[in-house]
């Protein structure tokens, strides 16, 4: 349609405006707004081309989001649909942004305000833009006009301008409403997608997931929770506590924890749940909350993890921590624990007990001639023989290779002697049969009284051990009762001789640094020498004395700190000399040294004065000494770790307490106890132990070293598990440090 619609009267305009408003009310999209307005522009105002522009949908640009010719799409409208025009520097757009009224361009070809590129593209002639204003803010413009020579130049008349402004106010409101609807729909779609994503994650979780409402009612569980408990989802929904998966015996504890949670207190809990079939199983529960915008709790959520496998491993480790794997008896740790309890009790009441050390005679002969399997079987049979003699209240433990310890509760020395004689009688009539051979077995027994006069647990153990060796030296098969003035004991140990020899070694540098290689299990993974320093002593002929001969005296007579001082001083000097050829060297420290406040000061000064890179130094301490001196050990580790030194925990895994204390210690390397490693090729339980310890170490960001690697089969299994390093006779014997370095270079 062309022309200016001269015959359009006021009633027609009002009617057209009302119809436009009615159409705008049902608009859900911007297209709907343009489709409602374009016919009015054509039929009422006489302009065949109409468009809508939105400001700052993309910051700094005008978006021409739609264009209609005679109410329809055309080649021109499709060409410019969704086009974006930069606002800065466009004179006409800048005028629209400033204008309060309609902005008219009579002829776009000659008007300096127009964008001539757009004019050339669209062939505009007359351009009319009505600002769309909402709350004093321009949100866009309502456009119409003519295109090409056929339509020519046609400026609007006054009534048209007035009508355009009336339309613009209604269209601005409609655009605002549509944009709000679209924004809300996007938000709802995003929320729905987020909920669906969260639900899919919860549905796919391997751990259980439980949801309670603000009253504690069960409102949702995931499939893993149903699989874990054996209940169908329908059986759990809408239940109130106590829930069917709570065991009767745990109800009070779990209810108390739930009450804490409902009051806003959250922490990890550990309980037993019960499956639908009645089976109990351990779980950990980690609760949290969901709040609304007002901060009010609307749901309680919790992840529930079945820890049956972890608990089974812990139980095995806990049992092995206090029991001898071979005989099933208590081990040295259990023995000393009981002894400590009884010692403490005698501080408050005049009780008397008897401590016995038993050492088998001729065990080494059987072990060497018939093999370890025969020795193991002999120990099992002997344990049964001893157990048959003792009362239920007494304690029998295996405390060493062929050594047993017995605590006879509430016995006098005379009563204990009768029991000891019965033990010897049991073995007197016993013959150990192995294949076609038969062996007679005897036992030497040392005894000491435990009462209120006993000095300490350490003194008791030393006294019983000394008495046992005197019995053995006296001809085997004997019983010896400890007495503080016993000349036989002094003669047996030559106490002063060992002390004087150790003092001489310290004074005359008669100690020797040996080393054993620690091998990287990954091929080509080694960057330099990685080893553990070991201590030896020279005798007066120049021969080498193994540590088993002198270290007991070092520890017994509190010479450890002095010996460790010698080791640290000489080890650091050797490492500095060969610094470019080493990766990491471990220096063993005793529990006594950790407890010596002056020793830490010495080590710090020694490291500083050596000039050695601290990351090449690793201090190795045993699990037992670390736990026994936990406060001192923690301080020692923290101060030296701050300098860059590393720490290795030896014999790790022999006790469950290792894991409890490990979080508080600055340990970098865990040396897996050799009792687990040495037979993993034939013992699946120990293989599982090694794997579990390694996995826990990795989770805590620590490296692992396997000790007692005696053959290539064990090494291959360790490589398969992923243990980082290996050490043992199968990979290299201890040799002088210089020789090990030379072998490494070669």
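No lab work stands behind these numbers, since they all come straight from the coordinates. A quick note: this is a predicted structure, and the numbers were derived from the prediction, not measured. Because the Cβ atoms are built from the backbone with ideal geometry, glycine has one as well, and the counts that use them run over all protein chains shown.
A few comments on the model shown:
- Contact order, relative form, for the stretch 236-307: 23 percent (alpha carbon pairs under 8 Å, 6 or more residues apart, mean separation divided by residue count).
- Size of the stretch 106-196 as Cα extents on the principal axes (Å, biggest first): 57, 30, 22
- Crossing angle, helix 332-346 versus the chain [Cα axis fit, 0-90 degrees, rounded to tens]: 80
- The stretch 285-383 shape via C-alpha gyration tensor axes, a/c threshold 1.5: oblate
- Rotationally averaged projected area of the stretch 634-720 (alpha carbon convex hull; nm²): 5.7
- Between residue 263 and residue 409, the contour length at 0.36 nm per residue exceeds the alpha carbon distance by 47.5 nm.
- Considering only alpha-carbon pairs that sit under 8 angstrom and 6 or more positions apart, the relative contact order computed for the chain is 6 percent.
- Computed packing ranks the peptides 687-697, 474-484 as 687-697, 474-484, most packed first, by mean other Cβ atoms within 10 Å.
- Order by protection proxy (mean Cβ within 10 Å, highest first), peptides 258-265, 585-592, 283-290: 585-592, 283-290, 258-265
- Simple spin-label estimate for residue 557 and residue 135 gives 9.2 nm between the two label positions (7 Å along the Cα-to-Cβ direction from each Cα).
- Förster radius 45 Å - calculated FRET efficiency between residue 337 and residue 298 (Cβ-Cβ, nearest 0.05): 0.35
- Overall Cα dimensions of the stretch 206-306 - principal axes, largest extent first, Å: 43, 25, 23
- Projected label distance in nm at residue 452 and residue 538, using a 7 Å step from Cα toward the beta-carbon: 5.4
- Computed over the alpha carbons of the chain, Rg followed by Dmax gives 44.5, 141 Å.
- Between helix 10-25 and the chain: long-axis angle, C-alpha atoms, 0 to 90°, nearest 10: 10
- Kirkwood Rh in Å, taken over the stretch 10-183 so that all alpha-carbon pairs contribute: 16.1
- Between residue 176 and residue 100, the FRET efficiency from the beta-carbon distance, with R0 = 30 Å, is close to 0.95.
- Cα-based radius of gyration for the stretch 331-405, normalised by 2.2 N^0.38 Å, reads 1.32.
- The packing ranking of peptides 561-568, 343-350, highest mean first, is 561-568, 343-350, where packing means the average number of other beta carbon atoms within 10 angstrom of each residue.
- Kirkwood radius for the stretch 556-696, taken over all pairs of different Cα atoms as the inverse mean of 1/r, rounds to 15.9 Å.
- Measuring nothing but how far apart in sequence close Cα pairs (under 8 Å, 6+ apart) lie, relative to its length, the stretch 10-183 scores a relative contact order of 21 percent.
- With Cα atoms, 0 to 90° folded angle of helix 712-721 axis to the chain main axis: 30
- Anisotropy class of the stretch 314-493 from Cα gyration tensor, a/c 1.5 cut: oblate
- Calculated [θ] (222 nm, deg cm²/dmol) that DSSP helices of n ≥ 4 give over the chain, each run adding -39,500 (n - 2.57): -14500 deg cm²/dmol
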